[in-house]
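Participant: Once you've had a glance at the structure underneath, I'll fire off some questions.
Derivation of every value follows stated rules applied to the coordinates shown; laboratory data play no part. Note that the structure is predicted; figures quoted are calculated from it, not measured. All Cβ positions, glycine included, derive from the backbone under ideal geometry; neighbour counts span all protein chains shown.
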């Protein structure tokens, strides 16, 4: 079977999501992206050994789903193209800002002001901007490995150092330890980049954990930069995403929150993000620093989305979450030989999983090489001063 056909989902696992996926929807459409200049599907030769690439594994190394964008988004993009003039945009529209504000209120009960919303070209671009704006060369930035590779590389690229507060590996995942966290802060630590929910461990931080992190950072004068790009994709119905800045005014004033529609609706190609900055002084410094390095305008396509179409697209995230939950459960249950069911790319520390169709359904392909779950995460669990590897 062609590699662009996904393994069947275990429908019994859908109970782990808050809302089951519909039996027939746009999520059922199989899209062949192998000839669409997709980074996800065309980088196998560059990232894997020849024999591994030849096996045509399913690429699971980047957060890019193979679902079509919501029809409301596609309609708005068609309207913009049909207009025929692709000139400079005039900034975010009132409808766009209202959609961002209303989404946070409806999904998370977080009441934000339109003034807080700073549109940007992406979360990664914004993280680099924050590092430049609120720290100086030679300063350190606190992170919690194993964590997204850009948290490592982009800090170093900008002449800053990394302070590591590694999560503690346990039998069922990774755990935050307050003592380890505070001990990692140095006199020159200016920023803490929080992955929330945490990528790649999947931790959905509790209110107590978030408050502890925030209070420790406040004691040391460390600005919290909360990357909440995966806020809508919480698969465990017993857990709820809590925006860091929603904990109270003191947390909001000392933080910058990064959000984007790219993971929720699979729109990374639109290069659009929304940086939420409650404190007016931080908000004033952020675009000044952005303008010094690049244009702060995100793509005009996202701004063309009318509010009514944004509302029409929003129900899709529930179906997406249900499918992700079912697929995750299926992958874990059927990968009985887990150490041999994935290929770990030494350059990106990313995972590629292979599936083979057989009489009993989908089973993991067997690789000549192997990698342990710890290597796939890029962290050994040791309490050393620096991680052995990074993770995506």
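Participant: Can you pull the one-decimal nm distance between simple spin-label points at residue 83 and residue 35, each 7 Å off the Cα toward Cβ?
Facilitator: For the pair residue 83/residue 35, the computed spacing is 3.3 nm.
Participant: Fewest first, what order do 160, 253 take by the number of other Cβ atoms within 10 Å? It would help to have the intermediate numbers written out before the result.
Facilitator: Values: 160 22, 253 15.
Starting with the residue having the fewest Cβ neighbours, the order is 253, 160.
Participant: Still on this model: Could you check the simple spin-label distance between residue 114 and residue 206, using points 7 Å along Cα→Cβ, in nm with one decimal?
Facilitator: The answer from the label model is 3.9 nm.
Participant: State the extension gain, in nm to one decimal, for the chain segment bounded by residue 157 and residue 236, taking 0.36 nm per residue of separation less the distance between their alpha-carbons.
Facilitator: Details: separation 79, 0.36 × 79 = 28.44 nm, distance 3.56 nm.
Fully extending the segment from residue 157 to residue 236 adds 24.9 nm.
Participant: On to the next question. To one decimal place, what Kirkwood hydrodynamic radius in Å is obtained for the stretch 23-95 from all pairs of distinct Cα atoms? Mind showing how you got there, number by number?
Facilitator: Working: mean 1/r = 0.0635 Å⁻¹.
Every distinct Cα pair counted, the radius reaches 15.7 Å.
Participant: Taking the Cα atoms of the stretch 186-229, what is the range of coordinates along each of the three principal axes, in descending order and whole Å?
Facilitator: 30, 18, 14
Participant: By counting other Cβ atoms within 10 Å of each Cβ, how are 213, 60, 39 ranked from fewest to most? All intermediate terms of the calculation are to be shown ahead of the outcome.
Facilitator: Numbers: 213 26, 60 16, 39 13.
Going from sparsest to densest Cβ surroundings: 39, 60, 213.
Participant: Something else now. Which ordering of 224, 149 is given by a fewest-first count of other beta-carbon atoms within 10 Å?
Facilitator: Details: 224 23, 149 19.
Listing 224, 149 from fewest to most nearby Cβ atoms yields 149, 224.
Participant: Moving to a separate point now. Please report the relative contact order for the stretch 132-178, taking Cα pairs under 8 Å with a sequence separation of at least 6, and give it as a percent rounded to a whole number.
Facilitator: Details: 52 pairs, mean separation 17.6, N = 47.
Taking the mean separation of contacting Cα pairs over the length of the stretch 132-178, I get 37 percent.
Participant: When the C-alpha atoms of the stretch 87-312 are aligned to their principal axes, what extent does each axis show, in angstrom, from largest down?
Facilitator: Computed over the Cα atoms, the extents are 49, 42, 31 Å.
Participant: Hey, what does the equivalent ellipsoid look like for the stretch 156-212, semi-axes from the Cα gyration tensor as sqrt of 5 times each eigenvalue, largest first, whole Å?
Facilitator: Numbers: eigenvalues 92, 36, 27 Å².
Each semi-axis is √(5λ); the values are 21, 13, 12 Å.
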